[in-house]
Amino acid sequence: FAAVRQVSLEIRRGEFVSLLGPSGCGKSTLLRLVAGFEYATRGRIVIDGVDVGAVPPNLRPVNMVFQSYALFPHLTVWDNVAFGLRRRAGAKTRRPDAEIRREVGKYLALVGLEGMETRYPSQLSGGQQQRTALARALVKQPKVLLLDEPLGALDLKLRQEMQLFLKGLQQELGMTFLYVTHDQEEALTMSDHIAVFNEGSIEQVGTPRDVYEHPATEFVAGFVGTSNIVERDGRRVSIRPERIQLGGAGLNGDGGARDDATIRDVVFVGSFTRVLVETDGGERLTVVRPNDGAVRYEPGNRVHVAWRDEDTYEVQPPNQPLQQEVR
């Protein structure tokens, strides 16, 4: 197998970049390569103009937040955060205790953990443990903060809150964040740019809007959100569910496509309804409609589906080499 291949990625200082892809696609391996936990057999890893490929992990200008948080259970919150500063101080010239106290207090306040300095990890909620791990990584002021699915163990509501918190913190610090996730909502919510991985390769890099609205390959169209892939005039094109019109007689595609169809299934998803239809030509499409009470859809109903040409995007097969350097 190839752990990672055909990866060329440049990240600008101060950006929040997410590596997005399914399990086993190589994104965590790439993060470990940057951290120095794995060594590349070829290629270069350059941070702020310095090739760090041969630099041991403890001397690289990076720090990492793990999915499991990896807090020391026998140390308090304060001691967990101070651990890295004390170790670094012991290796060279010892930093004054007052300076360590000041830095630890600063970053505990930054992540909202004032008053919890004497608690142990077992006395913290999942969100508080995550913030402790974050403060421990930030207190050493790395040039690049690496985050390996740090929100994966949190419940949905807390995860959404932490997404906003992390993005706000990154903007406040102006630090470079390299974030690994398989959750598309996390990537779309927080990132300045997203690199979509598939089987060790980057399929597309772009802003969240570009990746969602202009998927470069069939894989990206299907993995980032829901997409319908249809054949039109010998081309394979992607059309997002929310861009498909759904209605009765008189519906038209405004110069695009129009088909008669039958509703096969209706799925209630809270604020919206997912309608699965099958056209008379045998294509199965997913259509999304807001639950505004205007129309009620039922399986078996006959409908018309339509969309505009400008809402479709031609896609390429997955794992095609990118024609330009990814930035």
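The values are calculated or read from the model by the stated rules, or taken from the named source; none is laboratory data. This is a predicted model, so every value here is computed, not measured. Neighbour counts run over all protein chains shown; Cβ positions are idealised from the backbone, glycine included. These accessible areas exclude ligands, DNA and RNA; they are computed on the full protein's heavy atoms, side chains included. Shrake-Rupley method; radii C 1.70, N 1.55, O 1.52, S 1.80 Å.
Results, tabulated for the structure shown:
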read-out	value
Principal-axis tilt of helix 126-138 within the chain, Cα atoms, nearest 10 degrees	60 degrees
Segments 155-162, 10-17 sorted - mean Cβ within 10 Å per residue, highest first	10-17, 155-162
Farthest toward positive dipole pole in the chain [+1 Lys/Arg, -1 Asp/Glu at C-beta], among Gly115, Gly36, Tyr297	Gly115
Point-charge dipole on Cβ atoms (K/R +1, D/E -1) for the stretch 1-157, about Cα centre, debye to 20	400 debye
Where the Cα pairs of the stretch 157-272 fall when distances are cut into 5 Å bins, in %	2, 9, 16, 18, 16, 14, 11, 7, 5, 2, 0, 0
Rg(Cα)/(2.2 N^0.38 Å) for the stretch 85-240, N = residue count	1.34
At R0 = 51 Å, FRET efficiency that the Cβ-Cβ distance of Arg236 and Gln171 yields, to 0.05	0.85
On Cα atoms only, tilt of 77-91 relative to the major axis of the chain in degrees	60 degrees
Part-to-part distance (alpha-carbon centres) for the stretch 170-241 and the stretch 43-81, which is given in Å	27 Å
Ratio Rg/Rh [Cα only; Rh per Kirkwood] for the stretch 44-89	1.07
Carbon/sulfur fraction of accessible area - the chain, other protein chains in place, 1.4 Å, %	48 percent
Among Ala221, Leu169, Val205 the positive-end extreme of the charge dipole of the stretch 126-259 (Cβ point charges)	Leu169
Compactness relative to 2.2 N^0.38 Å, alpha carbon Rg of the chain	1.20
Within the chain, percent of DSSP bridges classed antiparallel, to nearest 5	65 percent
Average accessible area per residue (Å²) across the chain - probe 1.4 Å, nucleic acids and ligands excluded	51 Å²
Debye intensity ratio I(q)/I(0), log10, the stretch 13-136, q values 0.09 Å⁻¹ (C-alpha model)	-0.32
Cβ-placed point charges (K, R +1; D, E -1), dipole of the chain about Cα centre in debye, nearest 20	1720 debye
Cβ crowding within 10 Å averaged over residues, with 19-26, 308-315 ranked highest first	19-26, 308-315
Packing-based ranking, highest mean first, of 258-270, 108-120 given that Cβ atoms within 10 Å are counted	108-120, 258-270
Nearest 10 degrees, 0 to 90: helix 97-110 Cα axis against the chain principal axis	20 degrees
